[in-house]
Amino acid sequence: MFQSSGIKTLNLANWQPKAPIKNLFENAVTISKITLGKDIRLINADPDTDSNLSIYTQLDKYADYDGNWINIKDQYLPTDQKTLYTPAKLMALYAPDSISHPTQDETYIWNKKIPQGNPVAIHYVDQDGKTLKEDDSQGGELDTKYTIKPASIAGYEFVKATEGR
């Protein structure tokens, strides 16, 4: 139905179809946010096939996404607490015989890959704030701990590190 439409956001919360919908999202690869209502029933929701609601992650413009869907309410949860849905599993959630069918309107978005964390800046200063060495930085993934070994600076001894902001 939405094949090659270019639609990015779709809200079906108030739609009350009289029969289950077949292949509604087949090849609708541009839809990145979808709201489904409690009355939506989808068929051809084979959990072993990801032909519907697919995200073409191999294309550069979709490189920030991992190919899964997530409930918009869960997007900021820690990774281990998120429920991710493959396209087929999201479709299966709305199958007529689904025992987990949502009882209210739910909005789903493409799940982003875990972003690279901001680099940690390392400033080498003395007790008066005078710069002793050019700043360094260390990158890493979001929510990871950093271990930074103090640099050796002739004529100075490492005293303490201060927590950044």
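The values are calculated or read from the model by the stated rules, or taken from the named source; none is laboratory data. Just so you know, these numbers come straight off a predicted model, no measurement behind them. Every residue, glycine among them, receives a Cβ derived from its backbone with ideal geometry; neighbour counts consider all protein chains shown.
Tell me which residues, restricted to region 34-62, are part of a strand (DSSP E or B) and either at pLDDT 60 or above or over 20 Å from Ala92 (Cβ atoms) (or both). Even if it seems obvious, please write down each step before you answer.
Kept after step one, since they are part of a strand (DSSP E or B), are these residues of region 34-62: 34-36, 42-43, 52.
Answer for region 34-62, where residues must be part of a strand (DSSP E or B) and either at pLDDT 60 or above or over 20 Å from Ala92 (Cβ atoms) (or both): Ile34, Thr35, Leu36, Leu42, Ile43.
With (1) assigned to a loop (DSSP other than H, G, I, E, B); (2) modelled with pLDDT of 70 or more; (3) exposed (fewer than 15 other Cβ atoms within 10 Å of the Cβ) as the list, and Ser4 as the residue in question, which single condition is left unmet?
(2)
Could you please give the count of residues in region 78-96 that are assigned to a loop (DSSP other than H, G, I, E, B), closer than 11 Å to Leu42 by Cβ and not small (Gly, Ala, Ser)?
From region 78-96, those assigned to a loop (DSSP other than H, G, I, E, B) are 78, 82-83, 86, 94-96; that's our starting set.
In the following step, the residues that additionally are closer than 11 Å to Leu42 by Cβ were identified as 94-96.
This time we only want the ones that are not small (Gly, Ala, Ser), so: 94, 96.
So the count comes out to 2.
If I filter region 104-120 for residues that are modelled with pLDDT of 85 or more and loosely packed, with under 13 Cβ neighbours inside 10 Å, do I get at least one hit?
Quick first cut of region 104-120, residues modelled with pLDDT of 85 or more only: 104-111.
Next cut, loosely packed, with under 13 Cβ neighbours inside 10 Å only: 104.
The answer is yes, given that some residue of region 104-120 is modelled with pLDDT of 85 or more and loosely packed, with under 13 Cβ neighbours inside 10 Å.
Can you tell me which of (1) in a loop (DSSP other than H, G, I, E, B); (2) modelled with pLDDT of 70 or more; (3) under 12 Å from Leu90 (Cα atoms) is the one Ile31 doesn't meet?
Only one criterion is unmet by Ile31, namely (3).
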